[in-house]
Every structure is written in structure tokens, then in C-alpha cells.
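Take a look at the structure below.
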Amino acid sequence: MATIDNGVNVQALLEAREALKGAPEAAQFTWRASSKWQKGAHSTTSIEKFFGLGQEQTHKSESVFAADHPEIFAAEDNGITPIEYLLVGLASCLTAGVASVAQNRGIQLRSVESTVEGGHDIRGILGADSDVRNGFNDIKVTFKIDADASAEEIEALVAQSQKRSAVYDALTNPTSVTVEVA
Amino acid sequence: MTTVVVGAGHAGLAASHFLTGRSIEHVVLERGEVANSWRRERWDSLRLLTPNWLSRLPGHHYSGPDPDGYMTSGEVAEFIEHFAGVTRAPVRTGTAVTAIRRAGTGYHVVTSGGELSCRSVVLATGACNVPVVPAFAAAVPAGVRQLTPFGYRGPEDLGEGGVLVVGASATGVQIAAELRRSGRPVILSVGEHVRMPRLHRDRDVLWWMDASGVWDQRYDEVDDLTRARRLPSPQLAGTPERATLDLNALTGLGVELVGRLAAVRDDVLLFSGGLRNVCSLADLKMRRLLAGFDEWAGLRPEAELPPTRVPPAARLRLDLGRGEIATIVWATGFRPDYSWLDVPVVDEKGRLRHEGGVVDSPGLYALGLPLLRRRRSTFLSGIEDDAREVIGHLAAAPAVRG
């Protein structure tokens, strides 16, 4: 049998899991983003540093993300809308999960594609109807996976990926959010 | 005294049986009566999950007219008491253990009826001493009555009005079904759960567990032992109809399903939006389990059970201020209580540190815990092999006989 390689170092992840079981303080991470208003709804947010394993960490390079509203919102569309970043987060998190779980289960992936759709009633953010929430009403993710596995094994990959997904959890469960003016 | 056994339930009495067999002097200390928790800490309608023919204690089998039935709690208590009588277990009832300390090469045991010194101790106090309730229960407004399975006896104890049952293990699904049948509106909050049909190919699903060898899997062969030991009890009920009590059955009764209860914020309950995935996971695991049985039996797979019907828009919030819910039943699990054990063998999560019942302190042993030595350990019929092996270890330990 050929060696399975989805490009995931499962051994390192399993070792980290064992090591952090006995060192919960090292498992405390803080992810950070810094945002700056440009004009109108346009802002840029950069991400470079984070904290974890007991010390400051730095990504290989800084990433900068532009957010704006589309022209039909009377904006300049210098970037995707903020709520679309949630779709980016969810899709990439679930996809990473599929790859990791597949590697751990010895399943060779050939392609993993997904579409994410978030249903949004914008009357909420416009204040047009106070019974309508601001956020998504629902989110639907559809995976298309080509792999050396049965349909049931693929279904199980996707289910397990949701079970271990940070973004899936953050979207499906409430999170305490504090916003302050410094 | 050579050995003190704490608890006269099925586990403590099985320990006593094997200690007697090896002529090891011992006493079984029991805070209440024999099989105390079966008499006092169970709701009225509860029946054992295992069929009668599979409810075995060492040398002691069910011999009544209904081998495929399930004992009521009262019948379980009688069954255990009968075993205590037959084995002439030296039980001291009404004797609560209040402290156990290491003393020299043995242990010092403080009880409500005096103190004892011994060489070894068998902890057989059970896994379900205290109902676990999430911390945010404190934020539930005072107008809503809160109950745990220890305080719940039956629907007649509850006032009128809707009930939220939190937790979908055997306890939660059984209580939700019974409350719904009493005519009350019932909402069931569902997290990760274990789905099982009562019967597979006309045989009890636990017959398959037993016969196919699933229950014989040893604790040191299980992939993630911590997780396996924490697994919620399967969605089973022991009813005369041998009916399946999965979420589809509850939906059929008119129980409303919502996701895992995640928080209470300003008198509003917030449920997880992940209900669909916990149901998918349970469906997948159940299908894998049943396919494994078929493969073991050399049978071709038959039609699969329908997937769990998840409401298309399960609600995510429930305002307790609106009076829809009069009572919350926390079926959110149980934990053992070792607060009286002054030996450093309990981890930061309150679990006993042990290897197959051999506790991490010389001369200290445990019996009657989930997956103690094998999957069968969680059930009544698992105690015979566990007790034989654990008492074998105790007997072989140096200087056990003083």
C-alpha cells in the first residue's frame, strides 16, 4: 500500500496533544488582529503575531485583509464584507480538519472542495425590523471530496472535522465578547 | 482486619465473594442498605438496560420467567440482596465511611460506627454518586424548578407546564419520553450521544455486544480510554415492549429537539447550532456498530435504520421569562464522590487514577467503574471477571495477609 500523504504531520499533532494534556498553561493561545479604518465601510486588518506555547509567536509573514461593503450597499467594494470572512474561516477550518482526520485515518485525499452559503436577512443590520437578527440565519456547507474511501468514510471525515473545528464551534455556540474603548 | 470493602452494591458484594473464596478476612461497609442507590437514587419507572438473562453476578443468574425482560430498580435491589444472602457477605449496613487515610503499610478507615485499620481497601462506591449540573444552572431564574435525576421520581411530582430535559443519554431520553407521555410539552437538549436500536435482527442489541465480543475489549486495547470511560450511556430503555428510544422515537412522541445547552444569558437559554452534526456522528457510529455485528455474524447488511430526523430550524434560544418552561431536568451525567478519600489518587478532574482497578496506591483497589477492565465492566455482568482479577491482584500483593 502506498503511503498516505495529505501533507499533514499527524504525528506532530498527536505528540502535541499528549504533551499539552499535562501542560494546560502552554495550551493557552491568544490570536490577534489589528484593524484600521480607511474610509466609509473600508478597513484593513493585519495579522502577524500571536501568543502560544507560553511565548510570543510570529507568522512567517504579515497578512493584510481588506473589508468593505459591495457597491449595491453604496460602498466602494475594496474588499469582501466582514460577514464573508466568517465563511472564509469556516470553510478553511473544516477543510483543514478533513485533511487532518483523513491523514490520521489513513485516507488519501485527491481533492476537497466546498461551498459555503450563509443566509442573511439584512433588514436586521439596517434596523428595518427589530425581530430580524443581525447575523446569519443559517449556514450551509457542501463538500465535494474525491478520496480513496467509501461514501460513509467520507461522511465520517466531514462529521469528525466539524466536531473538532474551532470556527464551527465559535459559530454554533455563544461566545462572550467584550468591546472596550482604550 | 485484612481488607475493607466500601459499598455493598453489586461490585462490593462481588469483591466480597472472591475475598471469601480466598479466605481473606474482610468486611463490607455500607452507608445505607445493600444495593442502596438502587433503592433511593433511581426514579420510579427505571428498569435495567440489560436484559434479565444477561444480568449476572458471580455464580448467580436470573432464574425467573422473563429472561428477555428488564428488572425494575426494586428487582435489581432484590437480586443484589439475594446475592448478598447467598454469599453470606459480611456487610455492615448503616456504616458510612467518612475518611480513608494511608497508615503505615495499610489504611486507616474512619466510619460513622468507629475506626478500622486494614491492609487493603476495595472502593466499590459506584460511578454515579453525584449528579453533574453545569455551572450556568445558577443563572436560571428562581421561578423555574430545577431537578436532577436524584430528585426526580416521576411525572406526578412535577407541576403543570413545559419541561426542558438537558442531556440525551439513557437517563435524559427515558425521562423526556415519560414526561411527554404525561401530556406535558417537552424540549430535549441534545449534545453528543450514543444511538442504539433496542433490537437488531430481533435480538437485544446487548446480546450482540455480548456475543460478538465488543464487550470483551480490554481497557488497554481501547484507543482513547479517557473518552471511552466518559461516553454517555446509550439511548436505551428496558421496557416490556422492547421498544427503541432514539431521538426519532422521541420526535414521534412529540418531543422537541434542540442543540446542546451552551449558556444562560439574561434569563435566555442559548442552544448550540450544532445539533445536526451530533446526530450525524451518532448515526454513523451506530451504523458502524451494527455493520460490525453483521460482519461478525457473516450476514449481509440489511436495510439501514433511517437517519435521525433533525428539525430543519431547531431553536437556538429559549426565553425562560415567558413561562413556557416550568421545570428543567438536568440529565447531564453523574460523577463519583471521593471527597472522603484522603489518599492522593484522584486527578484534577475528580477521576480515580487506576490501571484496571489497581489504584495508584499500594493495597488500594476499585471495582464497579465504567470500562474498568473491559467494555463489559460498565454493566452488571462485567463484575464477575473484574472482581476475580482485581481480588487476584490484591491477594498476590506482598503481605496482604499480614
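The values are calculated or read from the model by the stated rules, or taken from the named source; none is laboratory data. Being a predicted model, the structure only gives us computed values, none of them experimental. Here Cβ is always computed from backbone atoms with ideal geometry, including for glycine, and neighbour counts include all displayed protein chains. Note: areas computed on protein heavy atoms with side chains; ligands, DNA, RNA excluded. Shrake-Rupley method; radii C 1.70, N 1.55, O 1.52, S 1.80 Å.
Whole number in Å², please: accessible area per residue of chain B, 1.4 Å probe, ligands, DNA and RNA not counted. Can you show the working numbers first?
Numbers: 17280 Å² over 402 residues.
Solvent-accessible surface per residue comes out at 43 Å².
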(request) Return an integer: the convex hull volume of the alpha-carbon atoms of the range B:179-332, in Å³ per residue. (result) 134
(message) Using the Karplus curve 6.51 cos²θ - 1.76 cosθ + 1.60 with θ = phi - 60°, what ³J(HN,Hα) values do you get for each residue of the range B:113-122, in whole Hz, with x for Gly and Pro?
(response) x, x, 10, 9, 10, 8, 7, 9, 10, 10
(message) Using +1 at the C-beta of Lys and Arg and -1 at the C-beta of Asp and Glu, which of B:Ala77, B:Pro58, B:His26 has the Cα lying farthest in the positive direction of the dipole of the range B:1-109?
(response) B:His26
(request) Give the Cα extents of the range A:18-115 along the principal axes, in whole Å, largest first. (result) 51, 36, 20
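Tell me whether the range B:154-240 comes out rounded, prolate or oblate; compute the Cα gyration tensor, take square roots of the eigenvalues as a ≥ b ≥ c, and use a/c under 1.5 as the rounded threshold. Display every interim value, and only then the final one.
Details: a/c = 3.50, a/b = 1.81, b/c = 1.93.
In terms of gyration-tensor shape, oblate.
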(message) Within chain B, what whole-number % of the accessible surface is contributed by carbon and sulfur, with the 1.4 Å probe and all protein chains included in the calculation?
(response) 50
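Other chains near A:169-175: what is the mean number of their Cβ atoms within 10 Å of each residue's Cβ?
Partner-chain Cβ atoms within 10 Å, mean over residues of A:169-175: 6.
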(request) Using only the Cα atoms of chain A, each taken as one equal point scatterer with no solvent, compute I(q) by the Debye sum, divide by I(0), and report log10 of the ratio at q = 0.12 Å⁻¹. (result) -0.79
(request) Calculate the dipole size of chain B relative to its Cα centre from +1 charges on Lys and Arg beta carbons and -1 charges on Asp and Glu beta carbons; express the result in debye to the nearest 20. (result) 440
(request) Go ahead and estimate [θ] at 222 nm for chain B from helices alone: -39,500 (n - 2.57) per DSSP H run with n ≥ 4, summed, over the residue count, rounded to 500. (result) -7500 deg cm²/dmol
(message) Restricting things to Cα coordinates, could you compute the convex hull volume per residue of chain B in Å³?
(response) 146
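With a 1.4 Å probe on protein heavy atoms only, work out how much accessible surface A and B bury together, total over both chains, in Å² to the nearest 100.
In total, this chain pair buries about 1200 Å².
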(message) Using the Karplus curve 6.51 cos²θ - 1.76 cosθ + 1.60 with θ = phi - 60°, what ³J(HN,Hα) values do you get for each residue of the range B:378-384, in whole Hz, with x for Gly and Pro?
(response) 5, 10, 3, 6, x, 6, 4
(message) Please report the spacing between the Cα centers of the range B:91-111 and the range A:18-46 in Å, no decimals.
(response) 52
(message) Greater than 28 Å separation of Cα atoms is the criterion. Which listed pairs, A:Lys36/A:Lys163; A:Lys21/A:Lys144; A:Lys36/A:Lys60; A:Lys21/B:Lys285; A:Lys140/B:Lys285; A:Lys21/A:Lys163, meet it?
(response) A:Lys36/A:Lys163; A:Lys21/A:Lys144
(request) Round to the nearest 10 and give me the degree value, 0 to 90, for the angle of helix B:275-297's Cα axis relative to the longest principal axis of chain B. (result) 60
(request) Using only Cα atoms, tell me the angle between helix A:151-163 and the longest principal axis of chain A; keep it within 0 to 90° and round to the nearest 10. (result) 60
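Taking 2.2 N^0.38 Å as the expected size of a compact globular protein, what ratio does the Cα radius of gyration of the range B:228-287 give against it, to two decimals?
Details: Rg = 14.2 Å, N = 60, 2.2 N^0.38 = 10.4 Å.
In units of the 2.2 N^0.38 Å rule of thumb, it is 1.36.
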(message) Helix-only estimate, please: 222 nm mean residue ellipticity of chain A, summing -39500 (n - 2.57) across DSSP H runs of length 4 or more and dividing by its residues, to the nearest 500.
(response) -10000 deg cm²/dmol
(request) Output the direction-averaged projected area (hull surface divided by four) of the convex hull of the alpha-carbon atoms of the range A:27-80, in nm². (result) 4.4
(message) Angle check, please: helix B:73-86 long axis (alpha carbons) against the longest principal axis of chain B (alpha carbons), in degrees 0 to 90, nearest 10.
(response) 10
(request) Run through all the Cα pairs of the range B:4-134 and give the fraction in each 5 Å bin from 0, expressed as whole percent. (result) 2, 10, 19, 21, 19, 13, 9, 5, 2, 0, 0
(request) Return the ratio Rg/(2.2 N^0.38 Å) for the protein assembly as shown, where Rg is computed over Cα atoms only. (result) 1.10
(message) Using only the alpha-carbon atoms of the range B:193-251 as identical scatterers, what base-10 log of I(q)/I(0) does the Debye formula give at q = 0.13, 0.30 Å⁻¹?
(response) -0.41, -1.24
(request) Would you mind getting the accessible area per residue of the range A:124-175, heavy atoms of the protein chains only, 1.4 Å probe, in Å²? (result) 60
(message) List the trypsin sites (Lys or Arg not before Pro) within the range B:276-316 that DSSP assigns to loop and that have no more than 15 neighbouring Cβ atoms inside 10 Å.
(response) B:Arg309, B:Arg315
(request) Could you work out the per residue convex hull volume over the alpha carbons of the range B:101-171, in cubic angstrom? (result) 181
(message) Nothing charged except the Cβ atoms of Lys and Arg (+1) and of Asp and Glu (-1): what's the magnitude of the dipole of the range A:81-173 about its Cα centre? Round to the nearest 20 debye.
(response) 240
(message) Just to be sure I understand the curve: with the Debye formula and one point per C-alpha of the range A:81-173, what is log10 I(q)/I(0) at q = 0.10, 0.11 Å⁻¹?
(response) -0.32, -0.38
